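Only one structure is covered here, and it is reproduced in the block below.
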Amino acid sequence: MLHDMTRRRFLGSAAAAGIASTMTGFARSAAAGSGNLTAVEWGGDVVEAMKQIAADQNAATFNWVLHQGGAGAILPKIKAVWPNVDYDYVAGWEGSFNSMVKEDWLETINPADVPNLANIPEKIIIRDGKGNIKAVPRAVGGMYFGARTDTAPIAVKTIDDLLSPDLKGAICWPGPTQSMMLQIVALALHAGGSETNMEPGWKLMTELAKSGNIGRVAVSDIDFTNSLTPGETSVGFFAEPGWAAVAKNFPVTRFTKDSNFKAFLYQSGFGVLKNRPNTKATLDFVNFAISPDMNSLYAKVAGEAPLNSKAVTPDNLKHLSFTSDEFSSFVYVPDYNAVLEQQDAWSKRWEQDIAPLL
């Protein structure tokens, strides 16, 4: 189960420059503090979940800024203006948070300020080298292969099937700002490589690009859902919220417990930025957001499994619950230091070798 997993097992999705979406959340029940907060979130169902949570408290109002793509691309934007950062919290995952910890951008979290952390599995909480808590987890999701089973031209059984002529134009593939490019790590693993031996993955990626089977390159969750929902494409690799959005109305097969594929798990959560005037109000809201009821609401709307042990996990997220044996068989935990170090090089490789083929 999730509680048996170590922090390194909770990995995931990512990265982007923000655009402002002006939507203000007003409140009805209670969380202490005050302030107008600027929060960076992913779009689609994730920000919708956070807007609903914000509407259940009356202590803070919000300016929502949306990631475009994954969470890592916002890092250079913060770096360019530091220490005059504009964001009170940034939603992210282990990869982006580790980069923020190295830059010393995040407030140290005192558990007394976020008492609902007591119900979050301690092993997954992100800490710095001194053991200080640096981010607050809220949910666990996954990045994995799947298919819309009512429109997929063939039943995809292995990664090799992605090259089948029957899938011409039927694949939605993540762009280079999505998922820390774990989609190509997945190809490398299938072809005998790894995140530290990516040539087999690039070779297979080249073949896939040349095949004509990639009908859409998705640079955001919205791109992904807008492609699979009308049936433009049927097969892909993407993060849980995208799959959840499609699965609301159509049958989806998730390859999370299939030995021919590997799933990558990630935690999403809150990084509270330093040098902001409303730190207390931000921490109060974060604590409210991971309370049992709000964590249950987040899971229901956003499509990520809750981490508060007292929250309710929806039946439609049981595919993200693994026994120890299942975890060993179906989940891959890469060396994320290696993954993060290679992001620039991999992005350049994509633009140089892959993009011209699409």
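Collect the residues in the stretch 209-230 that are out of contact with any Cys (no Cβ under 6 Å at 6 or more places or on another chain), farther than 20 Å from residue 266 by Cα and open to solvent by 30 Å² or more (accessible area, probe 1.4 Å), keeping them in residue-number order.
Of everything in the stretch 209-230, those that are out of contact with any Cys (no Cβ under 6 Å at 6 or more places or on another chain), farther than 20 Å from residue 266 by Cα and open to solvent by 30 Å² or more (accessible area, probe 1.4 Å) turn out to be 210, 212, 215, 217, 223, 226, 229, 230.
Given the criteria outside any helix (DSSP H, G or I) and at pLDDT 95 or above, does residue 286 qualify?
Numbers: outside any helix (DSSP H, G or I): no; at pLDDT 95 or above: yes.
The answer is no for residue 286.
Only one of (1) modelled with pLDDT under 95; (2) within 30 Å of residue 310 (Cα to Cα) is not met by residue 144, so which one is it?
Only one criterion in (1) modelled with pLDDT under 95; (2) within 30 Å of residue 310 (Cα to Cα) is unmet by residue 144, namely (1).
Take residue 209 and decide whether it is closer than 19 Å to residue 263 by Cα, of a type outside the set (D, E, K, R) and not in a loop (DSSP other than H, G, I, E, B).
no
Of the conditions (1) within 16 Å of residue 244 (Cβ to Cβ); (2) over 18 Å from the mean Cα position of the chain (by Cα), residue 330 clears all except one; give me its number.
(1)
Within the stretch 167-198, which residues are touching a strand residue (DSSP E or B) at 6+ places or on another chain (Cβ under 6 Å) and part of a loop (DSSP other than H, G, I, E, B)?
169, 170, 175, 177, 178 - these are the residues of the stretch 167-198 that are touching a strand residue (DSSP E or B) at 6+ places or on another chain (Cβ under 6 Å) and part of a loop (DSSP other than H, G, I, E, B).
Can you tell me which residue is most open to solvent (accessible area, probe 1.4 Å) among those in the stretch 49-66 that are more than 14 Å from residue 283 (Cα to Cα) and among the small types (Gly, Ala, Ser)?
That would be 55.
Being in a helix (DSSP H, G or I) and either surrounded by 13 or more Cβ atoms within 10 Å (Cβ to Cβ) or β-branched (Val, Ile, Thr) (or both) is the filter here, so list the residues in the stretch 342-354 that pass it.
Matches in the stretch 342-354: 343, 346, 347, 349, 350, 353, 354.
Can you tell which of 332, 298 is within 21 Å of residue 37 (Cα to Cα) and among the hydroxyl-bearing types (Ser, Thr, Tyr)?
Going through 332, 298 in turn, just one is within 21 Å of residue 37 (Cα to Cα) and among the hydroxyl-bearing types (Ser, Thr, Tyr): 298.
Could you tell me which of the residues 323, 313 is open to solvent by 40 Å² or more (accessible area, probe 1.4 Å), more than 27 Å from residue 57 (Cα to Cα), at pLDDT below 95 and not acidic (Asp, Glu)? It would help to see each step written out before you state the result.
Values: 313 fails: more than 27 Å from residue 57 (Cα to Cα).
Exactly one of 323, 313 is open to solvent by 40 Å² or more (accessible area, probe 1.4 Å), more than 27 Å from residue 57 (Cα to Cα), at pLDDT below 95 and not acidic (Asp, Glu), namely 323.
The values are calculated or read from the model by the stated rules, or taken from the named source; none is laboratory data. Quantities reported herein were computed from a predicted structural model and do not represent experimental measurements. Note that we place each Cβ from the backbone using ideal geometry, even for glycine, and neighbour counts take in every protein chain shown. Quick note on the areas: whole protein, heavy atoms, side chains included, nothing else; ligands and nucleic acids left out. Shrake-Rupley method; radii C 1.70, N 1.55, O 1.52, S 1.80 Å.
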